[in-house]
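Encoded as structure tokens, the structure appears first; notes follow it.
The values are calculated or read from the model by the stated rules, or taken from the named source; none is laboratory data. Quick caveat: nothing in here was measured; it's all calculated off a predicted structure. Please note: Cβ atoms are built from the backbone with ideal geometry, for glycine as well, and neighbour counts cover all protein chains shown. When the accessible area is computed, the model is the full protein with side chains, heavy atoms only, and any ligands, DNA or RNA have been set aside. Shrake-Rupley method; radii C 1.70, N 1.55, O 1.52, S 1.80 Å.
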Amino acid sequence: LEAYSAARDSLFGAERAKENIRIEMEYQFEREQIADSLARLEEQRKAKAAYQKRLAGERDQKHLFLVGTLAVLVFSGGLWSRLHHMRKSRNIIQYERDRSDRLLLNILPKPIADELKEYGRAQAKEVDGVSILFTDFHGFTKMSECLSAQELVAEIDMCFRAFDGIAARHGLEKIKTIGDAYMAAAGLPEPHPKSAVEAVRAALEMQDWVKARAAERTPRNLPCFSMRVGIHTGEVVAGIVGDSKFQYDVWGDTVNTAAHMESSGAVGEVNISAATYALVRDEQDLVFSPRGRVMAKG
């Protein structure tokens with residue numbers, strides 16, 4: 001019995017040992033499988049987390065790109081609007097400056113206008129060899145009785161516009177108009193040797209224009225102008241006086257003498273002084289008629 005018990009225990013012990021080994025191996029295998037599964041799950045979790053992180057990064061980059069693009073567009077739009085506004089303002093300023101320059105050049109010679117813009121004042125200067133031209137409509141008072149105020153002003157305006165064009169073509173500087181009188185000067189603001197010739201040619205063309213205008217209006221029984229013109233050449237003082245409504249003007253005995261040449265001249269002709277005649281007498285196309293001694297004011 002003891003031997004039998006020992007043999008049985010030995011046999012069952014071996015079997016139990018084998019079973020224990022088998023169970024241990026199965027346990028170890030299952031443990032390794034579970035460990036592998038956990039490792040794979042951890043790797044999957046990490047991969048998924050990395051993927052989610054990468055997606056979040058890409059999403060953030062897209063958002064940042066969109067925000068940056070929007071900010072650039074907004075900034076570009078604001079900058080373009082600012083530049084457009086600045087360009088528009090600059091164009092308006094340039095237009096107003098050009099307009100002011102044109103208005104200034106309508107009343108001042110360019111060198112005087114440039115001096116006035118640079119220094120705020122223009123220095124009066126003595127200029128020699130200036131030919132002063134005066135015109136005056138003959139019988140203006142009588143004609144004004146035949147026309148309405150608007151018609152009279154319109155006719156004077158047409159004449160003076162024509163005179164402006166003639167003066168510009170011959171290089172004369174328009175000084176001013178006084179009622180129905182027109183005053184211009186050749187040789188201003190800088191003197192030149194042909195100023196007297198230019199003044200005489202301009203005066204003759206003005207007379208021709210007035211005569212042509214009269215020939216056009218007379219057949220229609222419309223009142224028309226006839227004109228006296230006087231020219232004298234000499235030294236003048238030219239400049240600007242005052243701070244408001246200023247104009248370029250000339251002073252001196254030459255101006256007074258030119259006015260007397262006009263008032264004592266013959267209607268339809270150009271009356272010139274001896275000083276002017278001495279400068280233009282060699283011009284082959286000009287015809288002169290001596291008038292002798294003529295009474296003149298002053």
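At 1.4 Å probe size, what's the solvent-accessible area of K18? Round to the nearest 10 Å².
For K18, solvent-accessible area is about 140 Å².
Please list log₁₀ I(q)/I(0) at q = 0.09, 0.16 Å⁻¹ for the chain, using the Debye equation with identical point scatterers on the alpha-carbon positions.
Summing over Cα pairs of the chain leads to -0.65, -1.27.
Give me the percent of the accessible area of the chain that comes from carbon and sulfur atoms, probe 1.4 Å, all protein chains in place.
Of all accessible area on the chain, carbon and sulfur atoms account for 57 percent.
Could you list, in their original order, any pairs among K125/K297; K88/K117; K174/K297; K142/K211; K174/K194 whose Cα atoms are separated by more than 22 Å?
Violating the 22 Å limit, Cα to Cα: K125/K297; K88/K117; K174/K297.
Rounded to a whole number, what is D in µm²/s for the stretch 129-241 from Stokes-Einstein with the Kirkwood radius over alpha-carbon pairs (25 °C, 0.890 mPa s)?
167
Bins of 10 Å, beginning at zero and ending with the bin holding the largest distance: percent of Cα pairs per bin for the stretch 184-298, please.
12, 38, 32, 15, 3
Please give the calculated 222 nm ellipticity per residue for the chain, where each DSSP H segment of at least 4 residues contributes -39500 (n - 2.57) and the sum is spread over every residue; nearest 500 deg cm²/dmol?
Calculated at 222 nm, the ellipticity per residue is -22000 deg cm²/dmol.
Towards the positive end of the charge dipole of the stretch 178-240, with charges on Cβ (+1 Lys, Arg; -1 Asp, Glu), say which of Q207, A184, P219 has the farthest Cα.
In the stretch 178-240, that residue is P219.
Of the candidates V229, V67, V270, which one comes out as most mobile in a Gaussian network treatment of the chain with C-alpha springs shorter than 10 Å?
V67
What percent does the relative contact order of the chain come to when contacts are Cα pairs within less than 8 Å and at least six residues apart?
Here the relative contact order equals 18 percent.
Which value, in debye to the nearest 20, gives the size of the charge dipole of the chain about its Cα centre, when Lys and Arg are +1 and Asp and Glu are -1 at the Cβ?
For the chain, the charge dipole is close to 500 debye.
If you find the alpha carbon centre of the stretch 131-191 and of the stretch 228-287, how far apart are they in angstrom?
14
Tell me which lysines have Cα within less than 19 Å of K62's Cα, excluding those fewer than 8 residues away on the same chain?
Cα-Cα hits under 19 Å: K53.
Give the dimensionless ratio obtained when the Cα radius of gyration of the stretch 5-125 is divided by 2.2 N^0.38 Å.
3.47
Among F65, Y51, M143, which residue has its Cα furthest toward the positive end of the charge dipole of the chain, with +1 on Lys/Arg Cβ and -1 on Asp/Glu Cβ?
In the chain, that residue is Y51.
What order do W209, W80 take when sorted by accessible area (1.4 Å probe), most exposed first?
W80, W209
Could you tell me the accessible area of D136 in Å² (1.4 Å probe, neighbours in place), rounded to the nearest ten?
30
Taking the Cβ of P191 as the centre, find all other residues whose Cβ is under 13 Å away and add up their charges (Lys, Arg: +1; Asp, Glu: -1).
Here the count lands on -4.
Enter the accessible area per residue of the chain (Å², integer; probe 1.4 Å; all protein chains in place).
Solvent-accessible surface per residue comes out at 68 Å².
Using alpha carbon coordinates only, what is the Rg to Rh ratio of the stretch 94-137, with Rh defined as the Kirkwood radius?
Result for the stretch 94-137 is an Rg/Rh of 1.11.
Using the Cβ atoms and a cut-off under 14 Å, what net charge is assigned to the surroundings of G129, where Lys and Arg are +1 and Asp and Glu are -1?
-4
For the stretch 141-189, what does the relative contact order come out to in percent, with C-alpha contacts under 8 Å and a separation of six or more?
24
Could you put V210, V153, V294 in order of accessible surface area, largest first, with the 1.4 Å probe and the full protein assembly present?
V153, V294, V210
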